[in-house]
Structures are given as structure tokens and as C-alpha cells.
């Protein structure tokens, strides 16, 4: 499980069977200080989220099991929680870009 910031939405022309109605979000994983870490990636949204939101993401097998009404779909990452408040080194990560608490 890791923190990420939603940076955009993804629209696809063809979906895997069983993923109808599941939103795809473009996310940027964050390190422990809230700085971008690694490449951006696509995650399925098991909850409602949108650009700018700080979210919890699971990856691997747990991501496939996080989606509602499905036993297994080929998913590598899923957004499972919305983070309302998180502080690291005096910075409020949930507030956005570098706002000091």
C-alpha cells in the first residue's frame, strides 16, 4: 500500500470483461516526504476520486480483489482510500503542493 496523487483521468476504447463502470485514474506515486517517486501509472478507482486527490493505492493481487462485484480482474493497482489528512516533515500532503502546516 502506498500514497499517490491523482493527476488525471484515463479514457479507454476497450475494457476487459468485468471492468465496466470502473473508473481509471492516472496517478503519481509519492515517497515518504510527499515528493513524486517513480513513473506515473494507471490505477482502477474502487472509490470516487479525481485529479488533485491524495489517495491510498494497493498493488499486486490485492488490487484485483479491491474492485466491487468481481472475484478477479487483471488489475495491477487500485485506489482504495481517500486521504483527508497526512503530514510529513511539517508539510500537509493532503493540501497539495508544499503547503506547510
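Listed by first and then second residue, the pairs with beta-carbon distance under 9 Å, at least 6 apart or on different chains, first residue in segment 10-21 and in contact (Cβ under 8 Å) with a residue 40 or more places away in the chain, second surrounded by fewer than 10 Cβ atoms within 10 Å (Cβ to Cβ), are 16/74; 18/69; 18/71; 19/74. Among residues of segment 41-51 being surrounded by fewer than 14 Cβ atoms within 10 Å (Cβ to Cβ) and in contact with a strand residue (DSSP E or B) (Cβ under 7 Å, 6 or more places away or on another chain), the one that is modelled with the lowest pLDDT is 50. Here residue 74 does not fit the description of being in contact with a strand residue (DSSP E or B) (Cβ under 7 Å, 6 or more places away or on another chain) and part of a loop (DSSP other than H, G, I, E, B).
Each row is one residue, and each column tells you yes or no for (1) loosely packed, with under 14 Cβ neighbours inside 10 Å; (2) touching a helix residue (DSSP H, G or I) at 6+ places or on another chain (Cβ under 8 Å).
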position	(1), (2)
13	yes, no
20	yes, no
23	no, no
38	yes, no
60	yes, no
75	no, yes
91	no, no
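The residues of segment 25-36 that are touching a helix residue (DSSP H, G or I) at 6+ places or on another chain (Cβ under 8 Å) and outside any strand (DSSP E or B) amount to a single one, 34.
Residues in segment 42-61 that are part of a strand (DSSP E or B) and closer than 15 Å to residue 74 by Cα: 42, 43, 44, 45, 58, 59.
Put simply, of 30, 67, 54, 3 the only residue that is buried (at least 20 other Cβ atoms within 10 Å of the Cβ), touching a residue at least 40 places away in the same chain (Cβ under 8 Å), more than 21 Å from residue 86 (Cβ to Cβ) and in contact with a strand residue (DSSP E or B) (Cβ under 9 Å, 6 or more places away or on another chain) is 67.
The values are calculated or read from the model by the stated rules, or taken from the named source; none is laboratory data. Please read all numbers here as calculations on a predicted model, not as lab measurements. Positions of Cβ are backbone-derived with ideal geometry, glycine not excepted, and every protein chain shown enters the neighbour counts.
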